[in-house]
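*Asks:* Quick one: the structure is below, questions incoming.
The values are calculated or read from the model by the stated rules, or taken from the named source; none is laboratory data. Note that this is a predicted model, so its numbers are computed, not measured. All Cβ positions, even for glycine, are placed from backbone atoms using ideal geometry, and neighbour counts span all protein chains on display. Calculation scope for accessible area: heavy atoms of the full protein, side chains included, ligands and nucleic acids excluded. Shrake-Rupley method; radii C 1.70, N 1.55, O 1.52, S 1.80 Å.
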Amino acid sequence: LLDAVAPDRPVFLRGADGHSAWVNSMALAAAGITADTPNPPLGIIERDAAGEPLGTLRESAQALVEAVLPPTTPAELEAAALAGLGVANAFGITSIIDASVDAPLLATWRALEANGRLTARIVASVSTDGGLEGALALADPSSRGSAALVRADAAKIFLDGVLEGETAALLQPYLGRDGARGALLRPFPELEALVVGLDAAGLQIHMHAIGDAAAREGLDALEAARLAHGDRGNRHHISHLQLVHPDDYARFGALDVAANFQALWAFPDKYIRDVNLPVVGAERVARMYPLRSIEAAGGTLVFGSDWFVSSMNRLLAIETAVTRQNPLEDAEDQVLNEAERISLRAALLGFTRHGARLMHQEGLTGSLEPGKAADLVVLERDLFAVPAREIGAVPVTLTLFNGAIVYERGAPVNGAPTHPTATE
């Protein structure tokens, strides 16, 4: 398909979730990928019956083509960062955890702070692609508690892939896949050493886990760090958590590991119905995104968007957390396990106080109190007076950051749309 529309130039299209890429024949040739090219460790080159590459690259196989891509320029990074800030401010967001930040992006955030153009507080979870040494070279644990708007006192670890690519790590096999369970991206001894080292250095650990095996391995590694050092106050968290085994629910509270959910995913969309259900079965689908179960077991819920994988609109996410239904369609009969619904208060706490605590800034933001920063969002309606199925449609009227207006409905800021759409 790509060759038909771009026969004379290489094309690389990254999947929105970052776990797969689609390339044409010229891109494969530029990277030297042929039928004889082996799958890299923890990567998949999709092939036809004869073994020829089809143009889909999963997980680490993307790096084969990424190595020959032209570099992103500092000007492009700055423009992208400003556009992202504009969208965030338009949705009432003034604090951001940026996941898997590399050196050029960290430099971009710091440059925007230096020239007064930063309109949010940034915690950069630095990349661990370069292992412990690479992360420590980027990170600055001493920035925690400072007045800096950009802090790099956290590190991101990817534990597995995604269910859609069957690269998420599962405790029980995928159905009809000859016992395949996905794969962890690091052997446990290597993961444990990395986690213990990061914790010792004073860094917050931010993990990606989709499968229940990945969630368990992450908790095991964080428990090892706790046993090695005690509680160092780093406030680690695991994000996504599409599947968590019930035996692990209580471990989040016991280890003080925040459960960082993307609540907007917690409804039976086409991915879950058409892609996940056939390969994991109804029982596992029914326990996806166990918000209420982890909360009831003593865990702390925090919420993020995983933008640009999905919308930054927190109100859509709040509606989904409360209803477990599609906030964009009238689909009253389709609910993803109503027993996992949470209260509106719990959803709001996950986006305010609990999020501020996770970012080590609860003394500054997260609640309306004298002496705190005037990071405020004004909504057109009182969410407690709105029917649950209308929460996602409530407009943001005004956003203030440190007392300055950074978004006003009808007046674009930093390139943000005047009326951001629900799917942005």
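*Asks:* Do you know which residues across region 256-295 are part of a helix (DSSP H, G or I), aliphatic (A, V, I, L, M) and either free of Cβ contacts under 8 Å to residues at least 60 places away in the same chain or touching a strand residue (DSSP E or B) at 6+ places or on another chain (Cβ under 8 Å) (or both)?
*Replies:* Result: Ala263, Leu277, Ala282, Val285, Ala286, Leu291, Ile294.
*Asks:* Moving on. Exactly one of (1) open to solvent by less than 10 Å² (accessible area, probe 1.4 Å); (2) under 18 Å from His245 (Cα atoms) is unmet by Arg181. Its number?
*Replies:* The failed condition is (1).
*Asks:* Follow-up question, since we're still on this one. For region 240-255, give me each residue that is of a type in the set (D, E, K, R) and either farther than 23 Å from Lys156 by Cβ or in contact (Cβ under 8 Å) with a residue 60 or more places away in the chain (or both).
*Replies:* Listed by number, the list holds a single entry, Asp247.
*Asks:* Need pairs with beta-carbon distance below 8 Å; first residue closer than 18 Å to His237 by Cβ and touching a residue at least 40 places away in the same chain (Cβ under 8 Å) and within region 136-161, second among the acidic types (Asp, Glu) and open to solvent by less than 20 Å² (accessible area, probe 1.4 Å); sequence gap 6+ or separate chains.
*Replies:* Final answer for the pair search is Ala139/Asp153; Pro141/Asp153; Arg144/Asp153.
*Asks:* How many residues, within region 135-151, are open to solvent by less than 60 Å² (accessible area, probe 1.4 Å) and not in a loop (DSSP other than H, G, I, E, B)?
*Replies:* Summing the residues that are open to solvent by less than 60 Å² (accessible area, probe 1.4 Å) and not in a loop (DSSP other than H, G, I, E, B) in region 135-151 gives 6.
*Asks:* Out of Ala168, Ala120, which single residue is among the aliphatic types (A, V, I, L, M), in contact with a strand residue (DSSP E or B) (Cβ under 8 Å, 6 or more places away or on another chain) and open to solvent by less than 40 Å² (accessible area, probe 1.4 Å)?
*Replies:* Criteria check complete, one pass: Ala120.
*Asks:* Please state which one of Arg235, Arg251, Arg216 is charged (D, E, K, R), modelled with pLDDT of 95 or more, under 30 Å from Ile391 (Cβ atoms) and open to solvent by 30 Å² or more (accessible area, probe 1.4 Å).
*Replies:* Arg235
*Asks:* For residues that are under 26 Å from Gly182 (Cα atoms) and in contact (Cβ under 8 Å) with a residue 12 or more places away in the chain, scanning just region 1-18, find the one that is most open to solvent (accessible area, probe 1.4 Å).
*Replies:* The residue in question is Arg14.
*Asks:* From Leu194, Leu170, which residue is outside any loop (DSSP other than H, G, I, E, B) and more than 30 Å from Asn115 (Cβ to Cβ)?
*Replies:* Leu194
*Asks:* Sort out which residues of region 323-376 are within 25 Å of Leu398 (Cα to Cα), of a type in the set (A, V, I, L, M) and touching a Leu at 6+ places or on another chain (Cβ under 6 Å), and write them in order of number.
*Replies:* Correct list: Ala373, Ala374, Leu376.
*Asks:* Would you pick out the residues in region 197-232 that are within 20 Å of Ala99 (Cα to Cα), over 15 Å from the mean Cα position of the chain (by Cα) and assigned to a loop (DSSP other than H, G, I, E, B)?
*Replies:* Within region 197-232, Ala201, Gly202, Leu203 qualify.
*Asks:* Contact list please: Cβ distance under 9 Å, first residue in region 50-77 and free of Cβ contacts under 8 Å to residues at least 12 places away in the same chain, second residue assigned to a loop (DSSP other than H, G, I, E, B) and open to solvent by 60 Å² or more (accessible area, probe 1.4 Å), pairs at least six apart or on different chains.
*Replies:* Hits for this filter: Leu54/Asp48.
*Asks:* Same structure again: Hey, which of the strands (runs of 3 or more DSSP E) in region 296-401, taking only ones fully inside, have at least 3 residues that are buried (at least 19 other Cβ atoms within 10 Å of the Cβ)?
*Replies:* 301-303, 396-401
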